[in-house]
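Below is one structure, written out as structure tokens, with a few remarks after it.
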There are 4 protein chains.
Amino acid sequence: MLIHVGYDIEFDVPFGATFLTLLRVHPSRQTDLDGSDRVQVTPGVPVEDFEDLYGNLASRFLAPAGSLRLATSCVVRDSGALDPSAPDACEISVNQLPPATLPYLMNSRYCEVDRMSPIAADLFGSCAPGWNRVQTICDWVKQHVAFDYLKARPTKTALDAYTERVGVCRDFQHLAITFCRALNIPARYATGYLGDIGVPIAPYPMDFSAWFEAYLGGRWWTFDARHNQPRIGRILIASGRDATDVAITTTFGEVKLVRFSVVTEQVKEDA
Amino acid sequence: MLIHVGYDIEFDVPFGATFLTLLRVHPSRQTDLDGSDRVQVTPGVPVEDFEDLYGNLASRFLAPAGSLRLATSCVVRDSGALDPSAPDACEISVNQLPPATLPYLMNSRYCEVDRMSPIAADLFGSCAPGWNRVQTICDWVKQHVAFDYLKARPTKTALDAYTERVGVCRDFQHLAITFCRALNIPARYATGYLGDIGVPIAPYPMDFSAWFEAYLGGRWWTFDARHNQPRIGRILIASGRDATDVAITTTFGEVKLVRFSVVTEQVKEDA
Amino acid sequence: MLIHVGYDIEFDVPFGATFLTLLRVHPSRQTDLDGSDRVQVTPGVPVEDFEDLYGNLASRFLAPAGSLRLATSCVVRDSGALDPSAPDACEISVNQLPPATLPYLMNSRYCEVDRMSPIAADLFGSCAPGWNRVQTICDWVKQHVAFDYLKARPTKTALDAYTERVGVCRDFQHLAITFCRALNIPARYATGYLGDIGVPIAPYPMDFSAWFEAYLGGRWWTFDARHNQPRIGRILIASGRDATDVAITTTFGEVKLVRFSVVTEQVKEDA
Amino acid sequence: MLIHVGYDIEFDVPFGATFLTLLRVHPSRQTDLDGSDRVQVTPGVPVEDFEDLYGNLASRFLAPAGSLRLATSCVVRDSGALDPSAPDACEISVNQLPPATLPYLMNSRYCEVDRMSPIAADLFGSCAPGWNRVQTICDWVKQHVAFDYLKARPTKTALDAYTERVGVCRDFQHLAITFCRALNIPARYATGYLGDIGVPIAPYPMDFSAWFEAYLGGRWWTFDARHNQPRIGRILIASGRDATDVAITTTFGEVKLVRFSVVTEQVKEDA
């Protein structure tokens, strides 16, 4: 399957600003790309690409005062398969986890494992370990948290999502991640493209999406506490501890978002 | 100068537990070691050493049920110099910072940059950039926060330290780190040995200490908002985003600390 | 001056619900009323009126399943004068405050005096006591907090407003109230009608408004950290410790607001 | 039964301070007193007694610089009966509750009903209404929260107690109160004397104690989520929304507690 992905974002930059972006497809998907996914910046400024602490492809540039446009449009080859499921994948005991997975057991800004561990134990402590426990966590989050675009805020944490029971993508994933970590299951936050392939079109403007990955049976698996059903065509951009690490754009200096569009849609093979 | 460092820590482990430790001297100081600083575990169990995400020397082992003792005793060669000062070291603009320093600008569990940025701007926004601004932050923290061993708690954040105005080492550093990051100065949390060399003996039992590092003028410099005076003989163990990343021990399974001693003292060269 | 005040509010009540309302004009203004301000409930149900703990006129009724409409329309006689100012009004020492004012020095749900006292001392501790100190607090809040209707949330506290620097009426007042209390100045939250008399018409739909009262020089005075300028025609409905105590409607059982309009406008004397 | 109650408390007051105290036996128990329970202040200063917003007997005085001693010693006649139990007492629907009980359904500083309502619904929503539901709440709190004198802090809220699962008397009661209110059961915080009559002597120094009252079947009943067993000889001092309202002493100005003793013990009738 071929999926057309891209974005077209415009900012107003009154005095100049430095941008850090995570807008390139993840290294693990770069070989699936048809053409380049480098960030096209207008006006043209030097863009530095680098690999960040988590192995994602980051970019950095200095935006001059004025209007700034970021855009990319490319095609990604995808298996077209649904998110894989592995009901037999088991939890790995902490003393056998690969060291690289250990940071994903710990606290992070929006995942207060220290504050939520007793709650996780209350809710999921008696659930049998393994794939099904992570799925049970997703079911719980999906059932207890309502989706509302207007109830997002940048400082909302997993505990806030747990008490407020309303939020957006990232809040669902933060809550599920925190429960996983509290049960010693490595879990990391993921962001990327996710179109409406094979499902009803969402009544929201297309946006980047967030999901999470849990480490079971020796590898990372995709879970999504927000949609909580296998989906087709996720194109990973970046993963990290939580939304702090994988913000699409982090800006230093005053900026104002004036336009934002994201596209993720299946295209015909011969297109 | 030679500094004898070490620890002797005993836990009661009722049912077995996995330990992650950051108890080895930092790679940057390994060549200063006389002998090995590997963690001596009693009873003898296999100990796996690995480099963590931040470049520290971590260890992991599975502790059987029963009493567990961790100990090391070694000697470290040190310059004997005070923490260096560089009043001319300037702040580096974000677009010129080495990518490896960028994670230390971001939010972390105990450093809520998102919630404290306006406060940092109020307090330090009009202070001239550079070394002196970091020093002014340390002065403010030292002046406004009281030290009290009994007011520590594992979930205390920089914002909590700011509102409660009391805490221990780690709280002083978290608050200063958060202010630095809010002003776009990379800052990271450090833990290690710090004895009473050249200063009055503290009226507390010796413990591991925390300080922080700020990136100015192209390198990392030591600051310490708790003591707020140059000190001799810091032996770095680990650095990371905040206390989450550099906990001396992180345990998975029930454990009870029953004994704890740390030694950090100058020894005669011919000893 | 005559001011026409009223509201017309409609709820959808799927299964029946109990309503507590604070929709009647404050006892101190009842004599200014032309006609009754009792809550007109449709469908007609018995409405119980009572004086609450803070001396406000509360109402309670059991709403049956279905559509519920609350309305009132009446005229209030007002001096037409601007909020009075008394630059010479002094702070009263705690040992001389009337006992009835003491609850307004304490913590409440949205006014965390315990957490914000050091901040208040930093910001306003060196400001001379008296009227001008309360005004300085209002100026600070007005200058540092942005108004945004979309950034309201029911759990937002004074500390949240202080860190987020954005909010609605109630957040401005909660923050100013908390600062006052931290400085031992009794301060209480007020809600009522406030039209655009003598000022430009606000670009928002008319709503109930919030302000606060501070106790200085032996009486309560009106302050408003949101508008921060003397206004004409405030018609007090209720006052209390914070927004918890003076919610316009508190409902027990599921309800959905479907329509909401408030009117507050000057009418001709001979109308 | 006769119970000897009293206290002897000493403060260091460097510059003078105003004290508000709730140290007198509650009006409902004044007729049980043998002698006066007025606060004896040394040095002698005028003490003003007044009834506070919640009907408690408060006192206020201005302490001069120097050492300050507060003491009382008196005897209270008590039924000697255990806390009454009424398994048939039912929950009263909000539309039938006496208006005076309604404030005890609402948020207060340490009881964040707004943040904890979904949690209460998860845990106790399917429990049959009535006495047993309040008892089930107490059982849950007692079972999930550990008592630790060293884990008290003045800003700890019900949500903090819920996440940290450790605290002192007041934290147990705040958590239980918040759950009750979230379920529309009026609940208020109580403080008073509670000796070790009929139970093993506690391994802590005697202190004032906290419990709570829930409104069921038309009256207030004593519950105690900390001890969670019927006790003999509670002597109520004050009740209010939460610990904010019934602090034994609230001081305005710097003071240092230097000595503190409380006595609550059964005395022989002919003593």
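In whole Hz, with x marking every Gly and Pro, tabulate ³J(HN,Hα) for the range D:107-115 from phi via Karplus 6.51 cos²θ - 1.76 cosθ + 1.60, θ = phi - 60°.
Each residue's phi maps through the Karplus curve to give 3, 9, 3, 9, 10, 8, 4, 4, 7 Hz.
7 Å along Cα→Cβ for the label point: how many nanometres lie between B:PHE50 and each equivalent label in the other copies, listed shortest first?
Copy-to-copy label distances for B:PHE50: 2.6, 6.3, 6.6 nm.
Assume the label is 7 Å from Cα along Cα to beta carbon: what separations in nm does D:ALA146 have to the matching positions in the other copies?
2.8, 3.8, 4.5
Take every residue in peptide A:143-155, count the Cβ atoms of other chains within 10 Å of its Cβ, and give the average of those counts.
2
Report, to the nearest 10°, how far helix A:169-182 tilts away from the longest principal axis of the Cα atoms in chain A, using its own Cα long axis and a range of 0 to 90°.
That works out to roughly 40 degrees.
Using the Karplus curve 6.51 cos²θ - 1.76 cosθ + 1.60 with θ = phi - 60°, what ³J(HN,Hα) values do you get for each residue of the range B:145-158, in whole Hz, with x for Gly and Pro?
My calculation for the range B:145-158 gives 10, 9, 8, 8, 4, 7, 9, 7, 7, x, 8, 5, 9, 4 Hz in order.
How big is chain A along each principal axis, measuring the range of its Cα positions in Å and listing the largest first?
Principal extents (Cα only, largest first): 56, 44, 38 Å.
In peptide A:108-120, what is the residue-averaged number of other protein chain Cβ atoms found within 10 Å of each Cβ? Could you put the intermediate results ahead of the total?
Details: counts 7, 14, 3, 1, 4, 2, 8, 8, 1, 2, 7, 5, 0.
Mean number of neighbouring Cβ atoms from other chains: 5.
Any idea what the alpha-carbon Rg over 2.2 N^0.38 Å comes to for the protein assembly as shown?
Computed over Cα atoms of the protein assembly as shown, the ratio equals 0.99.
³J(HN,Hα) across the range D:188-197 via Karplus (A = 6.51, B = -1.76, C = 1.60, θ = phi - 60°), whole Hz, x for Gly/Pro?
10, 8, 10, 9, x, 8, 8, x, 8, 6
Please list the equivalent ellipsoid semi-axes of the range D:117-164, computed as the square roots of five times the alpha-carbon gyration tensor eigenvalues, in descending order and whole angstrom.
Calculated on Cα positions only, the semi-axes equal 24, 12, 8 Å.
Show me D:106-116, B:20-30, A:9-19 ranked by packing, highest mean number of other Cβ atoms within 10 Å first.
Numbers: D:106-116: 25.2, B:20-30: 19.6, A:9-19: 17.3.
Highest to lowest by the protection proxy: D:106-116, B:20-30, A:9-19.
With +1 on the Cβ of every Lys and Arg and -1 on the Cβ of every Asp and Glu, and nothing else charged, how large is the dipole of the range D:122-219 about its Cα centre, in debye rounded to the nearest 20?
Magnitude of the dipole: close to 220 debye.
For B:SER85, A:SER79, B:SER261, give me the order by solvent-accessible area with a 1.4 Å probe, most accessible first, ignoring ligands, DNA and RNA.
Numbers: B:SER85 80, A:SER79 100, B:SER261 50 Å².
Heavy-atom accessible area, descending, gives A:SER79, B:SER85, B:SER261.
Mean residue ellipticity at 222 nm from the helices of chain B, using -39,500 (n - 2.57) per DSSP H segment of n ≥ 4 over the full residue count, to the nearest 500 deg cm²/dmol? Working shown, then result.
On the way: 4 runs with 47 residues, N = 271.
Helices in chain B give a 222 nm mean residue ellipticity of -5500 deg cm²/dmol.
Angle check, please: helix A:131-144 long axis (alpha carbons) against the longest principal axis of chain A (alpha carbons), in degrees 0 to 90, nearest 10.
70 degrees
At q = 0.18, 0.20, 0.30, 0.32 Å⁻¹, what is the base-10 log of I(q)/I(0) for the range B:22-64 according to the Debye formula with one equal point scatterer per Cα and no solvent? Please give it to two decimals.
-0.55, -0.66, -1.12, -1.18
Give me the 1.4 Å probe accessible area per residue for the range B:189-270, excluding ligands and nucleic acids, in Å².
42 Å²
Tell me, what is the 1.4 Å probe accessible area of D:GLU254, in Å² to the nearest 10?
Approximately 110 Å² of D:GLU254 is accessible to the 1.4 Å probe.
Points 7 angstrom from Cα along the Cβ direction at C:SER85 and A:GLU269: gap in nanometres?
For C:SER85 paired with A:GLU269, the spin-label model returns 7.8 nm.
Work out the length of the dipole vector of the range D:81-150 about its Cα centre, built from +1 on the beta-carbon of each Lys and Arg and -1 on the beta-carbon of each Asp and Glu, and round it to the nearest 20 debye. All intermediate terms of the calculation are to be shown ahead of the outcome.
On the way: 4 positive and 8 negative charges, 22 e Å.
Around 100 debye, computed over the range D:81-150.
Could you tell me the total accessible area buried at the D-C interface, probe 1.4 Å, in square angstrom to the nearest hundred?
In total, this chain pair buries about 2700 Å².
In nm, one decimal, shortest first: how far is the label point of B:SER28 (7 Å from Cα along Cα to beta carbon) from the matching points in the other copies?
Spelled out, the distances from B:SER28's label point are 3.2, 6.2, 6.4 nm.
Averaged over its residues, how many other protein chain Cβ atoms are within 10 Å of peptide A:97-107's Cβ atoms?
Average per residue, whole number: 5.
So how strong a dipole does the protein assembly as shown carry about its Cα centre when Lys and Arg Cβ are +1 and Asp and Glu Cβ are -1, to the nearest 20 debye? Display every interim value, and only then the final one.
Working: 100 positive and 128 negative charges, 1 e Å.
The dipole magnitude comes to about 0 debye.
What figure, in Å² to the nearest 10, do you get for the accessible area of A:TYR104 with a 1.4 Å probe and non-protein molecules left out?
Surface open to solvent at A:TYR104 totals about 20 Å².
For B:SER67, what residues show an amide H to amide H distance below 5 Å, using hydrogens built from the backbone and excluding near sequence neighbours?
B:VAL13
Any of B:LYS151/D:LYS151; A:LYS156/C:LYS142; B:LYS156/C:LYS151; A:LYS142/C:LYS151 with alpha carbons more than 19 Å apart? Name them for me. Please report the intermediate quantities before stating the final value.
On the way: B:LYS151/D:LYS151 9 Å; A:LYS156/C:LYS142 25 Å; B:LYS156/C:LYS151 27 Å; A:LYS142/C:LYS151 25 Å.
Check vs 19 Å cut-off fails for A:LYS156/C:LYS142; B:LYS156/C:LYS151; A:LYS142/C:LYS151.
Classify the range D:109-239 as rounded, prolate or oblate, taking a ≥ b ≥ c as the square roots of the eigenvalues of its Cα gyration tensor: rounded when a/c is under 1.5, otherwise prolate if a/b is larger than b/c and oblate if not.
oblate
When only DSSP loop residues count, what trypsin sites (Lys or Arg not before Pro) in the range D:142-179 have their Cβ near at most 16 other Cβ atoms within 10 Å?
Hits after loop and neighbour filter: nothing returned.
Just which residue of chain C brings its Cβ nearest the axis of rotation onto chain D, and by how many angstrom, rounded whole?
C:ARG109, 3
Can you tell me how the range B:10-130 classifies by the Cα gyration tensor, rounded, prolate or oblate, using a/c under 1.5 as the rounded cut?
Because a/c hits 1.5 or more and a/b exceeds b/c, the range B:10-130 counts as prolate.
Counting only C-alpha contacts under 8 Å and six or more residues apart, can you give the relative contact order of chain A as a whole percent? Provide the component values of the computation, followed by the final result.
Working: 595 pairs, mean separation 82.8, N = 271.
With pairs under 8 Å counted, the relative contact order is 31 percent.
Calculate what fraction, in whole %, of the accessible area of the range B:42-82 sits on carbon and sulfur atoms when a 1.4 Å probe is rolled over the protein chains.
Reported share for carbon and sulfur atoms: 58 percent.
The values are calculated or read from the model by the stated rules, or taken from the named source; none is laboratory data. What you see is a predicted model, and the numbers here were worked out from it, not measured in a lab. When we count neighbours, we look across all protein chains shown, and the Cβ atoms used for this are built from the backbone with ideal geometry, even at glycine. Note: areas computed on protein heavy atoms with side chains; ligands, DNA, RNA excluded. Shrake-Rupley method; radii C 1.70, N 1.55, O 1.52, S 1.80 Å.
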